[in-house]
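In what follows, a structure is listed as C-alpha coordinates, so that the remarks can point back to it.
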Amino acid sequence: MFESNIFFQDFSGILTVVPYTLGLALLILILGILIGGILTLIDQYKIPFLFQVAAVCLSFLRGTPLLVQLYLAYYGMPKLILFFAGLLNFKFDPNQFDPVITVIVSYSICFSAFQSEIIRGAFMSVSYGQIEAAHSLGFSSVQTLRRIVIPQAIIEALPNFLNSYLTIIKSLSLAFMVSVVDILAKAKLESALNFRYLESFAAAAAVYWLLCAMLTVVFRRYEQNIRKKA
Amino acid sequence: MLALKNIHKSFNDHEILKGIDLKINKGDVVTIIGPSGTGKTTLLRCVNYLEKPDEGEIAFSDFQLNYQSVKRKDILRLRRRTAMVFQQYNLFKNKTAIENVMEAQIVVQKKSKKAAYEKSLEELNRVGLADKLDAYPSQLSGGQQQRVSIARALAMEPEIILFDEPTSALDPELVGEVLNVIDQIARSGVTILLVTHEMSFAQNISTKIVFMDQGKIVEEGPPSQIFNHSREKRTKEFLSHFNSNYTKITTAK
(Lines give C-alpha, C1' and ligand atoms only; values in the text may rest on other atoms or scores of the structure.)
Protein backbone atom coordinates (compact mmCIF):
# COMPACT_ATOMS: atom_id res chain seq x y z
CA MET A 1 0.00 0.00 0.00
CA PHE A 2 2.92 2.36 0.76
CA GLU A 3 5.75 1.72 -1.69
CA SER A 4 8.91 2.79 0.08
CA ASN A 5 11.06 2.61 -3.04
CA ILE A 6 8.73 5.08 -4.75
CA PHE A 7 8.92 7.24 -1.64
CA PHE A 8 12.72 7.33 -1.81
CA GLN A 9 12.68 7.86 -5.53
CA ASP A 10 10.38 10.86 -5.07
CA PHE A 11 12.45 12.02 -2.12
CA SER A 12 15.65 12.19 -4.16
CA GLY A 13 13.73 13.76 -7.02
CA ILE A 14 12.45 16.48 -4.71
CA LEU A 15 15.91 17.09 -3.25
CA THR A 16 17.02 18.42 -6.63
CA VAL A 17 14.78 21.49 -6.26
CA VAL A 18 15.81 22.19 -2.63
CA PRO A 19 18.71 24.52 -3.52
CA TYR A 20 16.41 26.45 -5.85
CA THR A 21 13.74 26.78 -3.16
CA LEU A 22 16.30 27.86 -0.54
CA GLY A 23 17.76 30.43 -2.91
CA LEU A 24 14.35 31.78 -3.90
CA ALA A 25 13.32 32.07 -0.23
CA LEU A 26 16.58 33.86 0.62
CA LEU A 27 16.08 36.35 -2.19
CA ILE A 28 12.52 36.99 -0.98
CA LEU A 29 13.72 37.38 2.61
CA ILE A 30 16.39 39.92 1.67
CA LEU A 31 14.01 41.93 -0.51
CA GLY A 32 11.39 41.71 2.25
CA ILE A 33 13.87 43.05 4.80
CA LEU A 34 14.82 45.92 2.49
CA ILE A 35 11.21 46.89 1.80
CA GLY A 36 10.36 46.34 5.48
CA GLY A 37 13.20 48.64 6.46
CA ILE A 38 11.86 51.36 4.20
CA LEU A 39 8.35 50.87 5.66
CA THR A 40 9.80 51.18 9.17
CA LEU A 41 11.56 54.42 8.23
CA ILE A 42 8.38 55.85 6.72
CA ASP A 43 6.47 54.83 9.83
CA GLN A 44 9.03 56.13 12.31
CA TYR A 45 9.59 59.49 10.67
CA LYS A 46 5.89 59.86 9.80
CA ILE A 47 6.73 61.01 6.28
CA PRO A 48 3.58 62.78 5.06
CA PHE A 49 1.50 61.06 2.37
CA LEU A 50 3.84 58.02 2.18
CA PHE A 51 2.96 57.34 5.80
CA GLN A 52 -0.75 57.03 5.03
CA VAL A 53 -0.10 54.99 1.89
CA ALA A 54 2.12 52.60 3.86
CA ALA A 55 -0.52 52.22 6.57
CA VAL A 56 -3.17 51.24 4.00
CA CYS A 57 -0.78 48.82 2.28
CA LEU A 58 0.20 47.17 5.57
CA SER A 59 -3.45 46.79 6.52
CA PHE A 60 -4.17 45.16 3.14
CA LEU A 61 -1.16 42.83 3.34
CA ARG A 62 -2.09 41.66 6.83
CA GLY A 63 -5.76 41.36 5.98
CA THR A 64 -5.67 39.21 2.84
CA PRO A 65 -4.43 35.63 2.32
CA LEU A 66 -1.10 35.17 0.60
CA LEU A 67 -2.72 33.02 -2.09
CA VAL A 68 -5.13 35.79 -3.01
CA GLN A 69 -2.25 38.27 -3.19
CA LEU A 70 -0.38 35.83 -5.39
CA TYR A 71 -3.29 35.50 -7.83
CA LEU A 72 -3.74 39.25 -7.90
CA ALA A 73 -0.08 39.72 -8.73
CA TYR A 74 -0.13 36.90 -11.28
CA TYR A 75 -3.04 38.32 -13.24
CA GLY A 76 -2.50 41.97 -12.43
CA MET A 77 1.22 42.54 -12.75
CA PRO A 78 1.67 41.72 -16.47
CA LYS A 79 -1.22 44.10 -17.28
CA LEU A 80 0.29 46.79 -15.10
CA ILE A 81 3.70 46.41 -16.71
CA LEU A 82 2.09 46.37 -20.15
CA PHE A 83 0.36 49.65 -19.33
CA PHE A 84 3.58 51.33 -18.19
CA ALA A 85 5.49 49.81 -21.08
CA GLY A 86 2.96 51.44 -23.40
CA LEU A 87 3.47 54.78 -21.68
CA LEU A 88 7.24 54.57 -21.79
CA ASN A 89 7.29 53.15 -25.27
CA PHE A 90 9.18 49.91 -24.81
CA LYS A 91 8.22 46.40 -25.86
CA PHE A 92 6.75 43.94 -23.41
CA ASP A 93 5.21 40.55 -24.13
CA PRO A 94 2.98 39.36 -21.26
CA ASN A 95 3.14 35.79 -22.57
CA GLN A 96 6.90 35.71 -22.10
CA PHE A 97 6.61 37.00 -18.53
CA ASP A 98 8.30 34.62 -16.08
CA PRO A 99 5.94 33.82 -13.17
CA VAL A 100 8.94 33.53 -10.83
CA ILE A 101 9.11 37.32 -10.94
CA THR A 102 5.49 37.43 -9.85
CA VAL A 103 6.31 35.17 -6.92
CA ILE A 104 9.38 37.17 -5.92
CA VAL A 105 7.56 40.50 -6.08
CA SER A 106 4.36 39.43 -4.32
CA TYR A 107 6.11 37.40 -1.61
CA SER A 108 8.67 40.13 -0.93
CA ILE A 109 5.94 42.71 -0.51
CA CYS A 110 3.76 40.42 1.59
CA PHE A 111 6.58 39.41 3.93
CA SER A 112 7.92 42.97 4.14
CA ALA A 113 4.96 43.72 6.42
CA PHE A 114 6.27 41.19 8.93
CA GLN A 115 9.91 42.23 8.50
CA SER A 116 8.91 45.81 9.19
CA GLU A 117 7.44 44.77 12.55
CA ILE A 118 10.60 42.81 13.38
CA ILE A 119 12.83 45.76 12.53
CA ARG A 120 10.72 48.17 14.55
CA GLY A 121 10.75 45.87 17.57
CA ALA A 122 14.52 45.40 17.30
CA PHE A 123 15.17 49.13 17.32
CA MET A 124 12.80 49.66 20.23
CA SER A 125 14.65 47.00 22.21
CA VAL A 126 17.72 49.21 22.46
CA SER A 127 17.12 51.23 25.63
CA TYR A 128 16.88 54.98 25.20
CA GLY A 129 19.36 55.40 28.05
CA GLN A 130 22.15 53.99 25.90
CA ILE A 131 21.35 56.46 23.14
CA GLU A 132 21.44 59.31 25.67
CA ALA A 133 24.72 58.01 27.06
CA ALA A 134 26.23 58.01 23.58
CA HIS A 135 24.95 61.54 22.94
CA SER A 136 26.31 62.76 26.26
CA LEU A 137 29.74 61.42 25.30
CA GLY A 138 29.65 63.46 22.11
CA PHE A 139 28.53 60.85 19.55
CA SER A 140 26.70 62.32 16.57
CA SER A 141 23.33 60.79 15.69
CA VAL A 142 24.86 58.79 12.85
CA GLN A 143 27.68 57.52 15.07
CA THR A 144 25.15 56.50 17.73
CA LEU A 145 23.11 54.62 15.17
CA ARG A 146 26.09 52.89 13.61
CA ARG A 147 28.11 52.02 16.69
CA ILE A 148 25.46 51.48 19.37
CA VAL A 149 21.94 51.00 18.04
CA ILE A 150 22.33 48.95 14.86
CA PRO A 151 24.72 46.31 16.26
CA GLN A 152 22.27 45.59 19.08
CA ALA A 153 19.18 45.77 16.88
CA ILE A 154 20.68 43.24 14.46
CA ILE A 155 21.25 40.72 17.25
CA GLU A 156 17.66 41.23 18.33
CA ALA A 157 16.28 40.92 14.79
CA LEU A 158 18.32 38.04 13.36
CA PRO A 159 16.53 35.15 15.08
CA ASN A 160 13.22 36.58 13.87
CA PHE A 161 14.50 37.02 10.33
CA LEU A 162 15.65 33.40 10.33
CA ASN A 163 12.23 32.38 11.58
CA SER A 164 10.68 34.28 8.69
CA TYR A 165 13.01 32.40 6.37
CA LEU A 166 11.43 29.10 7.43
CA THR A 167 7.96 30.58 7.00
CA ILE A 168 8.83 31.74 3.49
CA ILE A 169 10.19 28.31 2.53
CA LYS A 170 6.93 26.71 3.60
CA SER A 171 4.80 29.41 2.00
CA LEU A 172 6.52 28.86 -1.31
CA SER A 173 4.45 25.67 -1.61
CA LEU A 174 1.71 27.98 -2.89
CA ALA A 175 3.91 29.10 -5.75
CA PHE A 176 2.88 26.09 -7.83
CA MET A 177 -0.44 27.83 -8.28
CA VAL A 178 1.39 30.13 -10.67
CA SER A 179 3.52 27.30 -12.07
CA VAL A 180 6.76 27.92 -10.17
CA VAL A 181 8.39 24.63 -9.24
CA ASP A 182 9.40 24.37 -5.61
CA ILE A 183 9.39 21.38 -3.23
CA LEU A 184 5.65 20.72 -3.21
CA ALA A 185 5.32 21.39 -6.92
CA LYS A 186 8.09 18.90 -7.62
CA ALA A 187 6.21 16.32 -5.54
CA LYS A 188 3.08 16.87 -7.64
CA LEU A 189 5.09 16.50 -10.82
CA GLU A 190 6.66 13.26 -9.57
CA SER A 191 3.28 11.78 -8.71
CA ALA A 192 1.78 12.80 -12.02
CA LEU A 193 3.95 10.17 -13.69
CA ASN A 194 2.90 7.17 -11.59
CA PHE A 195 -0.21 8.31 -9.68
CA ARG A 196 1.44 7.41 -6.34
CA TYR A 197 0.24 10.56 -4.57
CA LEU A 198 0.67 9.43 -0.99
CA GLU A 199 4.33 8.53 -1.47
CA SER A 200 5.23 11.75 -3.19
CA PHE A 201 3.42 13.99 -0.70
CA ALA A 202 4.95 12.03 2.17
CA ALA A 203 8.32 12.61 0.54
CA ALA A 204 7.54 16.33 0.27
CA ALA A 205 6.56 16.47 3.94
CA ALA A 206 9.76 14.64 4.87
CA VAL A 207 11.88 17.09 2.88
CA TYR A 208 10.16 20.12 4.47
CA TRP A 209 10.44 18.67 7.92
CA LEU A 210 14.10 17.68 7.58
CA LEU A 211 14.97 21.01 6.04
CA CYS A 212 13.26 23.05 8.74
CA ALA A 213 14.57 20.88 11.56
CA MET A 214 18.12 21.22 10.29
CA LEU A 215 17.85 24.95 9.74
CA THR A 216 16.32 25.38 13.20
CA VAL A 217 19.27 23.63 14.83
CA VAL A 218 21.75 25.71 12.85
CA PHE A 219 19.91 28.95 13.64
CA ARG A 220 19.64 28.12 17.32
CA ARG A 221 23.38 27.47 17.55
CA TYR A 222 24.01 30.71 15.77
CA GLU A 223 21.64 32.62 18.03
CA GLN A 224 23.24 31.24 21.17
CA ASN A 225 26.56 32.29 19.77
CA ILE A 226 25.61 35.92 19.22
CA ARG A 227 23.53 36.15 22.40
CA LYS A 228 26.52 35.25 24.53
CA LYS A 229 27.81 38.71 23.88
CA ALA A 230 24.75 40.62 24.97
CA MET B 1 35.21 77.92 34.63
CA LEU B 2 31.57 77.20 33.93
CA ALA B 3 28.69 79.59 34.30
CA LEU B 4 25.01 79.01 33.74
CA LYS B 5 22.91 82.10 33.19
CA ASN B 6 19.16 82.41 33.50
CA ILE B 7 18.26 78.84 32.51
CA HIS B 8 14.53 78.38 31.83
CA LYS B 9 12.85 75.13 30.91
CA SER B 10 9.21 74.13 30.64
CA PHE B 11 7.56 70.81 29.86
CA ASN B 12 4.07 71.34 28.41
CA ASP B 13 3.35 74.67 30.10
CA HIS B 14 4.75 73.39 33.37
CA GLU B 15 7.78 75.48 34.23
CA ILE B 16 10.45 73.25 35.71
CA LEU B 17 13.38 75.67 35.79
CA LYS B 18 12.59 79.30 36.54
CA GLY B 19 15.84 81.07 35.82
CA ILE B 20 18.86 79.33 37.25
CA ASP B 21 22.23 81.09 37.63
CA LEU B 22 25.16 79.02 38.75
CA LYS B 23 28.93 79.47 38.73
CA ILE B 24 31.35 76.59 39.05
CA ASN B 25 35.10 77.04 39.43
CA LYS B 26 37.76 74.60 38.36
CA GLY B 27 38.14 71.82 40.91
CA ASP B 28 34.83 72.62 42.60
CA VAL B 29 32.55 69.88 43.80
CA VAL B 30 29.08 71.40 43.58
CA THR B 31 26.20 69.36 44.92
CA ILE B 32 22.58 70.15 44.15
CA ILE B 33 20.12 69.00 46.76
CA GLY B 34 16.40 69.53 47.11
CA PRO B 35 13.05 67.76 47.00
CA SER B 36 12.08 65.51 44.09
CA GLY B 37 10.50 67.19 41.08
CA THR B 38 12.37 70.41 41.68
CA GLY B 39 14.32 70.29 38.44
CA LYS B 40 17.72 69.18 39.74
CA THR B 41 18.08 66.45 37.16
CA THR B 42 16.62 68.65 34.43
CA LEU B 43 19.22 71.31 35.19
CA LEU B 44 21.99 68.75 34.95
CA ARG B 45 20.62 67.44 31.66
CA CYS B 46 20.46 70.98 30.31
CA VAL B 47 24.17 71.41 30.93
CA ASN B 48 25.05 68.84 28.29
CA TYR B 49 22.01 69.42 26.16
CA LEU B 50 20.14 66.18 26.75
CA GLU B 51 17.34 68.65 27.44
CA LYS B 52 17.07 71.81 25.43
CA PRO B 53 16.48 74.79 27.71
CA ASP B 54 13.96 77.33 26.44
CA GLU B 55 16.17 80.21 27.41
CA GLY B 56 19.56 80.86 28.92
CA GLU B 57 23.28 80.71 28.38
CA ILE B 58 26.15 78.47 29.25
CA ALA B 59 29.69 79.78 29.27
CA PHE B 60 33.01 78.04 29.56
CA SER B 61 36.21 80.06 29.91
CA ASP B 62 36.72 80.13 26.14
CA PHE B 63 33.37 79.18 24.68
CA GLN B 64 29.85 80.47 25.01
CA LEU B 65 26.53 79.10 23.99
CA ASN B 66 23.13 80.72 23.92
CA TYR B 67 20.49 78.03 24.10
CA GLN B 68 18.11 79.94 21.86
CA SER B 69 20.41 79.81 18.87
CA VAL B 70 22.42 76.63 18.95
CA LYS B 71 24.09 74.92 16.07
CA ARG B 72 24.71 71.18 15.96
CA LYS B 73 28.43 71.81 16.06
CA ASP B 74 28.07 73.71 19.31
CA ILE B 75 26.07 70.90 20.89
CA LEU B 76 28.79 68.38 20.06
CA ARG B 77 31.42 70.78 21.36
CA LEU B 78 29.51 71.24 24.58
CA ARG B 79 29.05 67.52 25.03
CA ARG B 80 32.68 66.80 24.38
CA ARG B 81 33.65 69.03 27.30
CA THR B 82 31.18 67.51 29.71
CA ALA B 83 30.52 63.93 30.72
CA MET B 84 27.50 62.48 32.37
CA VAL B 85 27.03 59.64 34.83
CA PHE B 86 23.43 58.42 34.82
CA GLN B 87 21.23 57.05 37.54
CA GLN B 88 20.64 53.90 35.47
CA TYR B 89 24.33 53.60 34.42
CA ASN B 90 23.33 53.30 30.72
CA LEU B 91 26.29 51.17 29.72
CA PHE B 92 26.41 49.86 26.17
CA LYS B 93 25.00 46.38 26.64
CA ASN B 94 26.77 44.70 23.76
CA LYS B 95 30.22 45.80 24.87
CA THR B 96 32.54 44.64 27.64
CA ALA B 97 33.60 46.92 30.47
CA ILE B 98 36.78 48.02 28.74
CA GLU B 99 35.05 48.38 25.36
CA ASN B 100 32.49 50.64 27.04
CA VAL B 101 35.29 52.90 28.22
CA MET B 102 37.17 52.73 24.91
CA GLU B 103 34.24 53.33 22.57
CA ALA B 104 33.86 57.10 22.85
CA GLN B 105 37.62 57.65 22.82
CA ILE B 106 37.80 55.85 19.47
CA VAL B 107 34.60 57.25 17.92
CA VAL B 108 34.59 60.78 19.31
CA GLN B 109 38.21 61.56 20.10
CA LYS B 110 39.56 59.50 17.17
CA LYS B 111 42.21 57.86 19.34
CA SER B 112 43.99 54.73 18.19
CA LYS B 113 42.75 51.46 19.65
CA LYS B 114 45.97 51.01 21.56
CA ALA B 115 45.92 54.47 23.13
CA ALA B 116 42.25 54.08 24.02
CA TYR B 117 42.93 50.69 25.57
CA GLU B 118 45.72 52.01 27.75
CA LYS B 119 43.69 54.99 28.89
CA SER B 120 40.72 52.74 29.65
CA LEU B 121 42.88 50.35 31.64
CA GLU B 122 44.13 53.26 33.72
CA GLU B 123 40.61 54.56 34.41
CA LEU B 124 39.17 51.13 35.21
CA ASN B 125 42.06 50.68 37.60
CA ARG B 126 41.17 53.97 39.20
CA VAL B 127 37.62 52.78 39.93
CA GLY B 128 38.91 49.42 41.15
CA LEU B 129 37.70 47.23 38.30
CA ALA B 130 40.96 46.11 36.72
CA ASP B 131 39.84 42.50 37.14
CA LYS B 132 36.53 42.98 35.25
CA LEU B 133 37.82 44.26 31.91
CA ASP B 134 36.13 41.62 29.80
CA ALA B 135 32.84 41.35 31.69
CA TYR B 136 29.63 42.39 29.94
CA PRO B 137 27.31 44.78 31.84
CA SER B 138 24.85 41.94 32.47
CA GLN B 139 27.59 40.12 34.37
CA LEU B 140 28.31 43.06 36.68
CA SER B 141 26.54 44.25 39.82
CA GLY B 142 24.85 47.65 39.81
CA GLY B 143 27.73 49.18 41.75
CA GLN B 144 30.28 47.77 39.34
CA GLN B 145 28.27 48.98 36.34
CA GLN B 146 28.11 52.45 37.83
CA ARG B 147 31.87 52.43 38.39
CA VAL B 148 32.42 51.42 34.75
CA SER B 149 30.24 54.33 33.70
CA ILE B 150 32.31 56.64 35.90
CA ALA B 151 35.46 55.32 34.22
CA ARG B 152 33.81 55.91 30.85
CA ALA B 153 33.19 59.54 31.81
CA LEU B 154 36.69 60.03 33.24
CA ALA B 155 38.36 58.61 30.14
CA MET B 156 37.04 61.49 28.06
CA GLU B 157 38.96 63.91 30.30
CA PRO B 158 36.00 66.27 30.46
CA GLU B 159 36.22 69.66 32.08
CA ILE B 160 33.33 68.73 34.29
CA ILE B 161 31.58 65.49 35.20
CA LEU B 162 27.85 65.58 35.83
CA PHE B 163 26.53 62.97 38.25
CA ASP B 164 22.78 62.42 38.11
CA GLU B 165 21.77 60.64 41.32
CA PRO B 166 24.50 58.05 40.79
CA THR B 167 23.50 55.87 43.73
CA SER B 168 19.70 56.11 43.62
CA ALA B 169 19.25 52.86 41.69
CA LEU B 170 21.63 50.88 43.90
CA ASP B 171 20.78 48.76 46.89
CA PRO B 172 22.30 50.04 50.17
CA GLU B 173 25.11 47.50 50.14
CA LEU B 174 26.48 48.84 46.87
CA VAL B 175 26.12 52.57 47.53
CA GLY B 176 29.35 52.76 49.50
CA GLU B 177 31.66 51.51 46.75
CA VAL B 178 30.31 54.08 44.29
CA LEU B 179 30.49 56.94 46.79
CA ASN B 180 34.09 56.01 47.59
CA VAL B 181 35.00 56.24 43.94
CA ILE B 182 33.30 59.62 43.54
CA ASP B 183 34.99 60.88 46.71
CA GLN B 184 38.38 59.80 45.43
CA ILE B 185 37.76 61.49 42.06
CA ALA B 186 36.63 64.66 43.79
CA ARG B 187 39.82 64.79 45.82
CA SER B 188 41.95 64.31 42.68
CA GLY B 189 40.80 67.72 41.46
CA VAL B 190 38.15 66.82 38.89
CA THR B 191 35.35 69.39 38.65
CA ILE B 192 32.06 67.83 39.62
CA LEU B 193 28.40 68.81 39.49
CA LEU B 194 26.42 66.28 41.49
CA VAL B 195 22.74 65.66 42.19
CA THR B 196 22.18 63.35 45.12
CA HIS B 197 19.99 62.51 48.09
CA GLU B 198 22.97 61.21 50.09
CA MET B 199 23.15 64.17 52.47
CA SER B 200 26.07 63.21 54.65
CA PHE B 201 28.07 62.36 51.55
CA ALA B 202 27.21 65.74 50.03
CA GLN B 203 28.26 67.46 53.25
CA ASN B 204 31.56 65.61 53.20
CA ILE B 205 32.84 65.99 49.67
CA SER B 206 31.29 69.23 48.40
CA THR B 207 32.97 72.59 48.19
CA LYS B 208 29.56 74.14 47.52
CA ILE B 209 26.00 73.05 48.19
CA VAL B 210 23.11 74.34 46.13
CA PHE B 211 19.64 73.94 47.55
CA MET B 212 16.88 74.02 44.93
CA ASP B 213 13.15 74.11 45.42
CA GLN B 214 10.36 74.59 42.85
CA GLY B 215 12.63 75.39 39.96
CA LYS B 216 14.72 77.98 41.74
CA ILE B 217 17.94 78.10 43.72
CA VAL B 218 16.90 78.91 47.27
CA GLU B 219 20.31 79.04 48.84
CA GLU B 220 23.90 78.20 48.00
CA GLY B 221 27.08 78.15 50.02
CA PRO B 222 29.71 75.96 51.64
CA PRO B 223 28.39 72.79 53.30
CA SER B 224 28.94 74.12 56.82
CA GLN B 225 26.68 77.07 56.08
CA ILE B 226 23.89 75.12 54.42
CA PHE B 227 23.82 72.22 56.84
CA ASN B 228 24.50 74.09 60.10
CA HIS B 229 23.76 77.77 59.70
CA SER B 230 21.21 77.95 56.95
CA ARG B 231 19.68 81.37 56.38
CA GLU B 232 16.56 80.18 54.63
CA LYS B 233 13.61 78.63 56.38
CA ARG B 234 12.87 76.25 53.47
CA THR B 235 16.41 74.86 53.55
CA LYS B 236 16.21 74.20 57.28
CA GLU B 237 12.86 72.54 56.88
CA PHE B 238 14.13 70.27 54.08
CA LEU B 239 17.27 69.28 55.93
CA SER B 240 15.47 68.66 59.22
CA HIS B 241 14.07 65.48 57.64
CA PHE B 242 17.55 64.10 57.27
CA ASN B 243 18.74 64.85 60.77
CA SER B 244 15.94 63.10 62.59
CA ASN B 245 15.90 59.35 62.70
CA TYR B 246 13.02 57.33 61.39
CA THR B 247 10.04 57.26 63.72
CA LYS B 248 6.85 55.42 62.98
CA ILE B 249 3.88 57.68 62.43
CA THR B 250 1.10 56.43 64.64
CA THR B 251 -1.42 59.22 64.51
CA ALA B 252 -3.06 60.43 61.35
CA LYS B 253 -3.60 64.13 60.97
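The values are calculated or read from the model by the stated rules, or taken from the named source; none is laboratory data. The structure displayed is predicted, hence computed values, not measured ones. Note that each Cβ is placed from the backbone with ideal geometry, even for glycine, and that neighbours are counted across all protein chains shown.
Select from the stretch A:124-144 the residues that are surrounded by fewer than 17 Cβ atoms within 10 Å (Cβ to Cβ) and either in a helix (DSSP H, G or I) or modelled with pLDDT of 95 or more (or both) and list them in ascending order. Before you say what the answer is, go through the steps one by one.
Keep residues of the stretch A:124-144 that are surrounded by fewer than 17 Cβ atoms within 10 Å (Cβ to Cβ), which gives A:124-125, A:127-129, A:140-142.
Of everything in the stretch A:124-144, those that are surrounded by fewer than 17 Cβ atoms within 10 Å (Cβ to Cβ) and either in a helix (DSSP H, G or I) or modelled with pLDDT of 95 or more (or both) turn out to be A:Met124, A:Tyr128, A:Gly129, A:Ser141, A:Val142.
Given A:Ala175, A:Ala187, which one is under 17 Å from the mean Cα position of the chain (by Cα), at negative phi and part of a helix (DSSP H, G or I)?
On the way: A:Ala187 fails: under 17 Å from the mean Cα position of the chain (by Cα).
From the options A:Ala175, A:Ala187, the qualifying one is A:Ala175.
State which residue is farthest from B:Leu133 (Cα to Cα) when the search covers only the stretch B:71-88 and only residues that are crowded, with 23+ Cβ neighbours inside 10 Å and facing chain A (nearest Cβ under 8 Å). Spell out the reasoning first.
Of all residues in the stretch B:71-88, those crowded, with 23+ Cβ neighbours inside 10 Å come to B:79, B:82-86.
Add one more test, that the residue is facing chain A (nearest Cβ under 8 Å), and what stays is B:79, B:82-84, B:86.
Values: B:Arg79: 26, B:Thr82: 24, B:Ala83: 21, B:Met84: 21, B:Phe86: 20 Å.
Step by step, filter the stretch B:71-88, then rank; the result is B:Arg79.
One residue is enough: does the stretch A:167-174 have a residue meeting the conditions of a type in the set (Val, Ile, Thr) and crowded, with 16+ Cβ neighbours inside 10 Å?
Narrowing the stretch A:167-174 to residues of a type in the set (Val, Ile, Thr): A:167-169.
If we keep only those that are crowded, with 16+ Cβ neighbours inside 10 Å too, we end up with A:168-169.
So far as the stretch A:167-174 goes, yes, one or more of its residues are of a type in the set (Val, Ile, Thr) and crowded, with 16+ Cβ neighbours inside 10 Å.
Taking the condition of being free of Cβ contacts under 8 Å to residues at least 12 places away in the same chain and of a type outside the set (Gly, Ala, Ser), how many residues in the stretch B:123-137 meet it? Talk me through it step by step, then tell me what you get.
Going residue by residue through the stretch B:123-137, those that are free of Cβ contacts under 8 Å to residues at least 12 places away in the same chain are B:125, B:130-131.
If we keep only those that are of a type outside the set (Gly, Ala, Ser) too, we end up with B:125, B:131.
Number satisfying all stated conditions: 2.
Among the helices (runs of 4 or more DSSP H) lying completely within the stretch B:1-119, list those that include at least 1 residues that are of a type in the set (Asp, Glu) and closer than 26 Å to A:Ile131 by Cβ. Please lay out each step first, then the result.
Details: elements: B:40-47, B:72-81, B:97-107.
In the stretch B:1-119, the matching helices (runs of 4 or more DSSP H) lie at B:72-81, B:97-107.
Tell me the residue from A:Ser179, A:Ser164 that is surrounded by fewer than 17 Cβ atoms within 10 Å (Cβ to Cβ), more than 14 Å from chain B (Cβ to nearest Cβ) and in contact (Cβ under 8 Å) with a residue 24 or more places away in the chain, please. Full working, then the answer.
Details: A:Ser164 fails: surrounded by fewer than 17 Cβ atoms within 10 Å (Cβ to Cβ).
After applying the criteria, what remains is A:Ser179.
Checking the structure you have, find out if any residue of the stretch B:169-190 is within 14 Å of another protein chain (Cβ to nearest Cβ) and in a loop (DSSP other than H, G, I, E, B). Write out each step before concluding.
Filtering the stretch B:169-190 down to residues within 14 Å of another protein chain (Cβ to nearest Cβ) leaves B:169.
With the extra rule that they be in a loop (DSSP other than H, G, I, E, B), the set shrinks to B:169.
Checking the stretch B:169-190: at least one residue is within 14 Å of another protein chain (Cβ to nearest Cβ) and in a loop (DSSP other than H, G, I, E, B).
Considering (1) at the interface with another protein chain (Cβ under 7 Å from one of its Cβ atoms); (2) of a type in the set (Phe, Trp, Tyr); (3) in contact (Cβ under 8 Å) with a residue 24 or more places away in the chain, say which one A:Phe139 fails and leave the rest.
Among (1) at the interface with another protein chain (Cβ under 7 Å from one of its Cβ atoms); (2) of a type in the set (Phe, Trp, Tyr); (3) in contact (Cβ under 8 Å) with a residue 24 or more places away in the chain, the lone unmet condition for A:Phe139 is (3).
Restrict the check to the stretch A:109-120 and report whether at least one residue is over 19 Å from the mean Cα position of the chain (by Cα) and either more than 10 Å from chain B (Cβ to nearest Cβ) or over 23 Å from A:Phe60 (Cβ atoms) (or both).
First, pick out the residues of the stretch A:109-120 that are over 19 Å from the mean Cα position of the chain (by Cα): none.
No; the residues of the stretch A:109-120 include none that is over 19 Å from the mean Cα position of the chain (by Cα) and either more than 10 Å from chain B (Cβ to nearest Cβ) or over 23 Å from A:Phe60 (Cβ atoms) (or both).
Of everything in the stretch B:50-70, what is surrounded by 17 or more Cβ atoms within 10 Å (Cβ to Cβ), away from chain A (no Cβ under 11 Å) and under 20 Å from B:Leu194 (Cα atoms)? Give them in sequence order. Before the answer, list the steps.
The first filter runs over the stretch B:50-70 and keeps only residues surrounded by 17 or more Cβ atoms within 10 Å (Cβ to Cβ), leaving B:50-51, B:53, B:56, B:58, B:65, B:67.
When the remaining residues are screened for being away from chain A (no Cβ under 11 Å), the result is B:53, B:56, B:58, B:65, B:67.
B:Pro53, B:Ile58 - these are the residues of the stretch B:50-70 that are surrounded by 17 or more Cβ atoms within 10 Å (Cβ to Cβ), away from chain A (no Cβ under 11 Å) and under 20 Å from B:Leu194 (Cα atoms).
Please work out if B:Leu121 is modelled with pLDDT of 95 or more, farther than 17 Å from B:Ile205 by Cβ and surrounded by fewer than 20 Cβ atoms within 10 Å (Cβ to Cβ). So that I can check it myself, show each step before the final result.
Working: modelled with pLDDT of 95 or more: yes; farther than 17 Å from B:Ile205 by Cβ: yes; surrounded by fewer than 20 Cβ atoms within 10 Å (Cβ to Cβ): yes.
Yes; evaluated as a whole, the condition is true for this residue.
Would you pick out the residues in the stretch A:39-61 that are within 14 Å of A:Gln115 (Cα to Cα) and either of a type in the set (Lys, Arg) or touching a residue at least 60 places away in the same chain (Cβ under 8 Å) (or both)?
A:Leu39, A:Thr40, A:Asp43 - these are the residues of the stretch A:39-61 that are within 14 Å of A:Gln115 (Cα to Cα) and either of a type in the set (Lys, Arg) or touching a residue at least 60 places away in the same chain (Cβ under 8 Å) (or both).
Residue check, B:Pro158 against (1) within 14 Å of chain A (Cβ to nearest Cβ); (2) part of a helix (DSSP H, G or I); (3) crowded, with 21+ Cβ neighbours inside 10 Å, all met but one. Which one?
If we test B:Pro158 against (1) within 14 Å of chain A (Cβ to nearest Cβ); (2) part of a helix (DSSP H, G or I); (3) crowded, with 21+ Cβ neighbours inside 10 Å, just (2) comes out false.
Could you please find all residues in the stretch B:90-104 being more than 8 Å from chain A (Cβ to nearest Cβ) and either surrounded by 23 or more Cβ atoms within 10 Å (Cβ to Cβ) or aliphatic (A, V, I, L, M) (or both)? Steps first, answer last, please.
Quick first cut of the stretch B:90-104, residues more than 8 Å from chain A (Cβ to nearest Cβ) only: B:95-102.
Matches in the stretch B:90-104: B:Ala97, B:Ile98, B:Asn100, B:Val101, B:Met102.
Being touching a Ser or Thr at 6+ places or on another chain (Cβ under 7 Å) and under 23 Å from A:Phe176 (Cβ atoms) is the requirement here; does A:Pro99 meet it? Spell out the reasoning first.
On the way: touching a Ser or Thr at 6+ places or on another chain (Cβ under 7 Å): yes; under 23 Å from A:Phe176 (Cβ atoms): yes.
Taking the combined requirement at face value, the residue satisfies it.
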